[in-house]
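As structure tokens, the structure follows; a few thoughts come after it.
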Amino acid sequence: MSASLRGAQLARLLGQWHVDAPRRNTPDYAALAGTIRGLLIDGRLPLGVRLPAERELATALGISRTTVAAAYRRLRDSGHLASRRGAGSWTTMPGDAKVDNTGLWAPGTEPEMLDLATGALPAPAELIQAAREAVEELPRYLDHPGYHPSGLADLRAAVASRYAEQGLPTSPDQIMITNGVLHALDLACRLLVGAGQPALVESPTYPNALATLAGRRARVLTFGLGATGWDSELLLETLRQSRPRVAYLAPEYQNPTGHLMPQALRERLPAVAHSSGTELVVDESFVDLTLTGEAPPPPVACFDRHARVLSVGGMSKPYWGGLRVGWVRASPPQVQRLTAVRVGTDIAGPVLDQLVAARLLAQAAVVVPARRRLVRERRDALVGALRERLPEWRFRVPDGGLSLWVELDAPVSSALARAAEEYRLRLAPGPRFGVDGTLERFLRLPFTLPVPELVDAVDRLAAARADLERPARRSWETPALVA
Ligand SMILES: Cc1ncc(COP(=O)(O)O)c(C=O)c1O
């Protein structure tokens, strides 16, 4: 999106902004301001973008200029718009706003806010001991400048043997350590996709992968996932016909749907990708988080005869996102190319964090099963609370991962996310996981909060959903009676 919006562009983004207003007794200017604020919070309207002049937006929406002026004034008062005479008005966030790790903007100091937008766990208890041991190991590295662009040798070896345990023989020179999975993905895209080149993604998909591809100015094509996941024939045919430069797929407990790709499709994908000139970028972020006790099928790279698969994975989901340690598994020449790209961006990752990661990986047999037990308990609590409080919502209970992909009773996901803010509940609405503002019927609900908070969050969710149906004005809009 460019740095300034035309009236017609904003009108398209605003969609049916006033459809509910008369029924809810909301004045037009407040509905307009509320919808613009919602777009900003959902990330569909970037920060710092210049909004159309009042007259231009009024014409595009077929309303009076006074209404637009009042809406802009309201946004200025709430800190969502800044204006300067002669320069126009551009989007901002209130002073204490921060970016949360779903890519959404969120106010920074909100103690009462429950976060159902973030799908990640707090650190395991073992992290402290791992960090202590890492500090003790550090002296071994201090007589060296500390730049290790492909990662510390010990950690590369540990990641390689993890793949070997999954049935995929891997040597350390096939591994490069990155600052998290998203960094690995970004490096892969820098290497593989040029501006305007086609990149295939699942729909829905992980929003920050979309942001990464947008950053490369790739032409994003989507492959829709169905109720049971990938339609194998359709996916293979799509690859043959559209011949994308890369296909970004998440076969293990796909984010957000939780689908697990069957072995039969894994076996066929690399050969078809090879014949269509496609590089498969396979995101294994959730591979450790099986919740059934059964290991997922072998990694897609097991069936790769032509070095077409580049796997990315990391510590964030099974261990802790705050470590910022991820990796790429690829052919040794590909790892060398990626390392060269990496040197041109951040040179190398932090030594200490890699030492901590290596210590944690050494304890995988203890840490990971405990994480699975914790996540399973939380998943079951969320499922139970939803079935009780919102029985008309449909979802499949996933066999792994960290979230439910819920089909709502109506296409109200963005409106629900806005209403939920009033109940101090943060949500990531369905359209965040797609490219074209669709998926309004869906909502991703992570099961990463402790059980009592999940139950509380579902109560708030049910209240927000009921609010969308309520015809009268909401209590917060009613003037307080001062006696
Ligand atoms: C599918 C997927 N890939 C990558 C990431 C980002 O991982 P990291 O925090 O290691 O960059 C996430 C985080 O939510 C994810 O869900």
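The values are calculated or read from the model by the stated rules, or taken from the named source; none is laboratory data. Every value quoted in this text rests on a predicted model; they were computed, and no experiment measured them. When we count neighbours, we look across all protein chains shown, and the Cβ atoms used for this are built from the backbone with ideal geometry, even at glycine.
A few points about this structure:
- Scanning segment 312-347 for residues that are on the phi > 0 side of the Ramachandran plot and away from the ligand (no atom under 12 Å from the Cβ) yields a count of 1.
- Just one of the listed residues (P251, P298) is surrounded by fewer than 21 Cβ atoms within 10 Å (Cβ to Cβ), in a loop (DSSP other than H, G, I, E, B), modelled with pLDDT of 95 or more and outside the structural domain of P429 (by TED's automatic domain parsing), and it is P298.
- Long-range neighbours under 7 Å by Cβ, at least six apart or interchain, first residue over 21 Å from A125 (Cβ atoms) within segment 340-362, second assigned to a helix (DSSP H, G or I) and aliphatic (A, V, I, L, M): V341/L187; V341/L191; R342/L187
For (1) in contact with a helix residue (DSSP H, G or I) (Cβ under 6 Å, 6 or more places away or on another chain); (2) under 21 Å from A295 (Cβ atoms); (3) away from the ligand (no atom under 13 Å from the Cβ); (4) not in a helix (DSSP H, G or I), each residue gets a yes or a no:
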| site | (1), (2), (3), (4) |
| --- | --- |
| L155 | yes, no, yes, no |
| Y163 | no, yes, yes, no |
| P169 | no, yes, yes, yes |
| L182 | yes, no, no, no |
| L185 | yes, no, no, no |
| A188 | no, no, no, no |
| A195 | no, no, yes, yes |
| E202 | no, no, no, yes |
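- Segment 26-72, subset free of Cβ contacts under 8 Å to residues at least 24 places away in the same chain and of a type in the set (D, E, K, R), residue surrounded by the most Cβ atoms within 10 Å (Cβ to Cβ): E54
- Number of positions in segment 311-336 that are touching a Leu at 6+ places or on another chain (Cβ under 7 Å) and assigned to a strand (DSSP E or B): 2
- Sole residue being assigned by TED's automatic domain parsing to the domain that holds N208 and either assigned to a loop (DSSP other than H, G, I, E, B) or at pLDDT 95 or above (or both), chosen from A358, A463: A358
- Test: residue in segment 273-294 that is surrounded by fewer than 24 Cβ atoms within 10 Å (Cβ to Cβ), of a type in the set (A, V, I, L, M, F, W, C), in a helix (DSSP H, G or I) and assigned by TED's automatic domain parsing to the domain that holds Y163: no
- Checking each residue of segment 366-377 against the condition of being surrounded by fewer than 18 Cβ atoms within 10 Å (Cβ to Cβ), part of a helix (DSSP H, G or I), in contact (Cβ under 8 Å) with a residue 24 or more places away in the chain and acidic (D, E) gives at least one match.
- Of all residues in segment 131-153 being among the hydrophobic types (A, V, I, L, M, F, W, C) and in a loop (DSSP other than H, G, I, E, B), the one that is nearest to the chain's Cα centre (by Cα): L152
- Meets criteria (touching a helix residue (DSSP H, G or I) at 6+ places or on another chain (Cβ under 6 Å) and either in a helix (DSSP H, G or I) or within 15 Å of the ligand (Cβ to nearest atom) (or both)) for L127: no
- Segment 277-311, residues that are away from the ligand (no atom under 16 Å from the Cβ), touching a Ser or Thr at 6+ places or on another chain (Cβ under 8 Å) and not hydrophobic (A, V, I, L, M, F, W, C): R308
- Whenever a residue of segment 222-239 is on the phi > 0 side of the Ramachandran plot, its partners that are surrounded by 14 or more Cβ atoms within 10 Å (Cβ to Cβ), lying with C-beta atoms within less than 7 angstrom and at least six residues away or across chains, give the pairs G229/H259; G229/M261.
- For segment 117-133, a residue qualifies if it is of a type in the set (A, V, I, L, M) and more than 21 Å from D288 (Cβ to Cβ), and exactly one does: A117.
- Test: residue in segment 391-400 that is away from the ligand (no atom under 16 Å from the Cβ), assigned to a helix (DSSP H, G or I), more than 20 Å from V312 (Cα to Cα) and charged (D, E, K, R): no
- Any hit, segment 223-235, residues being within 16 Å of the ligand (Cβ to nearest atom), farther than 26 Å from L323 by Cβ, of a type in the set (S, T, N, Q) and not in a helix (DSSP H, G or I): no
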